[in-house]
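The values are calculated or read from the model by the stated rules, or taken from the named source; none is laboratory data. Small disclaimer: the values here were computed from a predicted structure and weren't measured. Virtual Cβ from ideal backbone geometry, glycine too; neighbours counted across all protein chains shown. Just the protein is used for accessible areas: all its heavy atoms, side chains included, with ligands, DNA and RNA removed. Shrake-Rupley method; radii C 1.70, N 1.55, O 1.52, S 1.80 Å.
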Amino acid sequence: VARLFVRHGERIAATGLDYPAHEVNFEQSIVAPAALVLLELHHLTGQARWLDAALPHVELLDRFEGCQPEYHLNGVAIRHWDGYWFGKDELWGDTFPHYWSTLNALAWGLMAHATGDPAWQRRATTTMRANLTQFGTDGTATAAFVYPMTVNGREAHRPDPYANDQDWTLVFHHDLREWAAPSYF
């Protein structure tokens with residue numbers, strides 16, 4: 001299994017930023033897995049070549065993330081129309097937060113581990129906390145918060161009623177605590 005993982009990482013490193021076709025042409029959740037595989041290989045092996053190969057992906061991944069004072073837009077990668085494709089209300093608006101943003105938190109946590117730079121750990125915390133807002137104190141949850149105030153004349157700026165994948169946030173929260181940045185909270 002380890003040999004296959006290394007071969008996968010070698011393929012990603014050789015491909016660089018020339019990502020293969022996906023369900024959409026280009027988005028954050030295409031870049032994040034490439035960065036994560038290479039960062040995980042660095043984490044597991046300690047070999048600098050994996051960190052070197054990951055850096056262009058990490059730099060590109062950073063460009064998807066907002067740094068605004070409002071938590072929906074702070075440390076949360078842009079997601080287009082996920083409330084439409086996967087939500088009950090079928091609103092075309094951008095979704096902030098969205099559980100795939102937590103892939104960035106894992107990357108930032110692995111960067112903290114790799115570099116010892118606490119700024120990466122703070123970013124991992126910011127991203128994860130913003131995404132944990134998908135869960136209410138009463139146990140309810142949403143997979144998509146449709147951010148615009150209105151979409152095509154319909155009221156928005158609210159969570160979609162469906163709770164149908166946001167548990168990935170909890171999985172990645174666990175992973176972040178276990179191996180990427182154990183002391184991030």
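A simple count of charges around Ile78, restricted to other residues whose Cβ falls under 15 Å of its Cβ and scoring Lys, Arg +1 and Asp, Glu -1, yields -4.
Ordering Asn164, Trp85, Ala54 by Cα displacement along the dipole of the chain toward the positive end leaves Ala54 in first place; charges were set at the Cβ atoms of Lys, Arg (+1) and Asp, Glu (-1).
Return the calculated 222 nm mean residue ellipticity for the chain, to the nearest 500 deg cm²/dmol, obtained by summing -39500 (n - 2.57) across DSSP H runs with n ≥ 4 and dividing by the residue count.
On the way: 7 runs with 90 residues, N = 185.
Only helices count here, giving -15500 deg cm²/dmol.
With each label modelled as a point 7 angstrom along the Cα→C-beta vector, the Arg49-Arg154 pair spans 5.1 nm. Scanning residues 5 or more positions from Arg158 or on other chains, those with amide H under 5 Å from its amide H are Val146, with H placed 1.01 Å from N in the peptide plane. Looking at the chain, the accessible area is 53 square angstrom per residue; that uses a 1.4 Å probe and ignores ligands, DNA and RNA.
At 10 °C and 1.306 mPa s, what whole-number value in µm²/s does Stokes-Einstein give for the translational diffusion of the range 92-139, with Rh from the Kirkwood sum over Cα pairs?
Values: Rh = 11.4 Å.
Once the numbers are plugged in, D ends up at 139 µm²/s.
Treating each Cα of the range 1-66 as one equal point scatterer and applying the Debye formula with no solvent, the log10 of I(q)/I(0) at q = 0.12, 0.23, 0.28 Å⁻¹ comes out as -0.28, -0.95, -1.26. Between the beta carbons of Asp117 and Trp168, assuming R0 = 22 Å, the FRET efficiency works out to 0.25 to the nearest 0.05.
What part of the accessible area of the chain, given as a whole %, is carbon or sulfur when the probe is 1.4 angstrom? Present the calculation step by step, with values, prior to reporting the outcome.
On the way: 5430 of 9840 Å².
Here carbon and sulfur together make up 55 percent of the probe-accessible area.
Among residues other than Arg123 whose Cβ falls under 13 Å from its Cβ, what is the net charge (Lys/Arg +1, Asp/Glu -1)? That works out to -1.
At 37 °C and 0.692 mPa s, what whole-number value in µm²/s does Stokes-Einstein give for the translational diffusion of the range 28-185, with Rh from the Kirkwood sum over Cα pairs? Let's see the in-between values first.
Values: Rh = 15.8 Å.
It comes out at roughly 208 µm²/s.
For the chain, with only Lys/Arg (+1) and Asp/Glu (-1) charged at the beta-carbon, what is the dipole magnitude about the Cα centre, in debye rounded to 20? Please report the intermediate quantities before stating the final value.
Working: 13 positive and 22 negative charges, 79 e Å.
It comes to approximately 380 debye.
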